[in-house]
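Enquirer: Please find one structure pasted underneath; my questions will follow.
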Amino acid sequence: LFFEVGLVVLLPIIFVIANELNIAMLYLAIPMAAALNVAHAFLPPHPAPVAIASIFNVPLGHVLTLGVLAAIPTVIVAGPLYNHFLHRIYPTVYRVKSVSKVMGQYHSFELAETPNFGVSVVTATMPIILIVVATISKYLLPSSSAISRIVQFIGSPDNAMLIALLCAVYLLGLKRQVPMKKIGKSMRTAIEQIAMMLFIIGGGGAFKQVLVTGGVAKYVATLFVSVHWSPIIAAWVMTAVLRACIGSTTVAALTGAGLAVPLLQSSSVNAALMVLAVGAGSVFCDHVNGAGFWMIKQYFDLSLKETLLTWTPLTMLMSVVGLGCVLVLSLFF
């Protein structure tokens with residue numbers, strides 16, 4: 001549901017699989033990241049599509065149904081097909097490494113040394129489980145009830161990650177007789193590896209906020225007030241330009257949706273397709289002013305140039321293919 005959380009949870013698994021198969025981690029990581037980003041753009045109950053659907057007053061079921069239809073071909077093109085093409089034209093970026101600057105030295109375990117399958121799955125997916133439960137409970141429990149507030153507190157991304165960490169310390173450490181000193185050393189090493197990336201992400205976020213506070217979003221919005229295009233294309237273009245300028249997917253999506261409301265009201269376009277068009281535009285051209293860009297750079301162990309030549313074109317392709325899928329769906333819905 002949250003691109004950053006999914007990236008943090010899944011990349012260590014991708015790293016291990018790549019080492020087991022002796023292939024470049026990027027070969028597995030690109031399709032995974034593409035799938036996460038497509039879900040981030042198209043599929044409720046992710047916060048951005050939910051917020052856009054609320055602005056357009058569209059039932060989430062309609063958005064999810066059409067979103068799945070648009071997401072499947074988008075993931076195929078932006079994931080494995082793009083990956084295959086990139087591997088052929090830019091093979092030097094696919095490096096086989098047994099050591100990652102962010103995830104550290106790869107260590108091979110004997111099966112007897114590992115926790116059982118159930119504990120492994122629950123521990124690895126606990127943040128996602130908690131976030132999903134909290135998101136679904138919004139629509140099942142009264143917002144004023146004590147249970148709902150507790151579930152929302154536990155399921156917020158920060159708290160879900162903290163709870164998962166504490167459970168991992170116990171289930172994978174203390175319960176298996178691992179000394180607390182060794183656990184502490186492992187956590188210290190992890191902090192040392194990720195500290196610089198946190199500074200970079202914070203800088204990117206600050207830059208984004210400077211652009212938003214400085215009125216860049218408002219200025220870009222005024223450029224599209226008098227356009228006379230198809231509502232779907234106009235909504236996508238507005239959101240895509242905002243995304244490229246300010247670097248925030250959520251801000252671009254919400255601003256683009258607000259600008260597209262008059263277009264929707266003056267046309268007969270399916271409102272669910274407008275939600276998807278805005279969602280597709282909101283992931284366009286992820287570059288240096290986006291926090292996700294720096295996460296990809298650091299976690300994928302790429303240089304700035306390599307990230308601009310691999311990840312940024314992927315997000316542009318994903319956004320354009322997503323728009324194409326929405327336009328095709330508009331012929332039938």
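Enquirer: Could you run through the stretch 288-331 and say how many residues are β-branched (V, I, T) and in contact with a Cys (Cβ under 7 Å, 6 or more places away or on another chain)?
Expert: 2
Enquirer: Moving to a separate point now. Would it be correct to say that S148 is surrounded by fewer than 16 Cβ atoms within 10 Å (Cβ to Cβ), modelled with pLDDT of 85 or more and outside any loop (DSSP other than H, G, I, E, B)?
Expert: No; evaluated as a whole, the condition is false for this residue.
Enquirer: Between a first residue in the stretch 121-140 that is more than 20 Å from I13 (Cα to Cα) and a second residue that is of a type in the set (A, V, I, L, M, F, W, C) and outside any helix (DSSP H, G or I), which pairs have beta carbons less than 7 Å apart while being 6 or more apart in sequence or on different chains?
Expert: V132/L1; T135/L1
Enquirer: Among the residues of the stretch 318-326, are any surrounded by fewer than 21 Cβ atoms within 10 Å (Cβ to Cβ), more than 18 Å from the chain's Cα centre (by Cα) and at pLDDT 90 or above?
Expert: So far as the stretch 318-326 goes, yes, one or more of its residues are surrounded by fewer than 21 Cβ atoms within 10 Å (Cβ to Cβ), more than 18 Å from the chain's Cα centre (by Cα) and at pLDDT 90 or above.
Enquirer: What are the residues in the stretch 119-168 that are farther than 30 Å from M180 by Cβ and of a type in the set (S, T, N, Q), if any?
Expert: T135, S137, S143, S144, S145, S148, Q152, listed by residue number.
Enquirer: Which residues, taken from the stretch 280-294, are aliphatic (A, V, I, L, M), modelled with pLDDT under 90 and under 17 Å from L7 (Cα atoms)?
Expert: Result: A291, single match.
Enquirer: Further, regarding this structure: Every residue in the stretch 265-294 that is in a helix (DSSP H, G or I) and farther than 27 Å from V8 by Cα, please. Don't jump to the end; show me each part of the working.
Expert: Pass one, the stretch 265-294, residues in a helix (DSSP H, G or I): 265, 271-281, 291-294.
Within the stretch 265-294, Q265, A271, A272, L273, M274, V275, A277 meet the criteria.
Enquirer: Something else now. Looking only at the stretch 48-68, decide whether some residue is out of contact with any His (no Cβ under 9 Å at 6 or more places or on another chain), at pLDDT 85 or above, surrounded by fewer than 15 Cβ atoms within 10 Å (Cβ to Cβ) and hydrophobic (A, V, I, L, M, F, W, C).
Expert: yes
Enquirer: Here is a follow-up. Which residue is surrounded by the fewest Cβ atoms within 10 Å (Cβ to Cβ), if the candidates are limited to the stretch 220-264 and must be of a type in the set (S, T, N, Q), at pLDDT 80 or above and in a helix (DSSP H, G or I)?
Expert: The qualifying residue surrounded by the fewest Cβ atoms within 10 Å (Cβ to Cβ) is T255.
Enquirer: Let me ask something additional. Would you confirm whether or not the stretch 97-120 contains a residue that is at pLDDT 80 or above, over 26 Å from A164 (Cα atoms) and out of contact with any strand residue (DSSP E or B) (no Cβ under 9 Å at 6 or more places or on another chain)?
Expert: No, every residue in the stretch 97-120 fails to be at pLDDT 80 or above, over 26 Å from A164 (Cα atoms) and out of contact with any strand residue (DSSP E or B) (no Cβ under 9 Å at 6 or more places or on another chain).
The values are calculated or read from the model by the stated rules, or taken from the named source; none is laboratory data. All of these numbers come straight from a predicted model, not from anything done at the bench. Here Cβ is always computed from backbone atoms with ideal geometry, including for glycine, and neighbour counts include all displayed protein chains.
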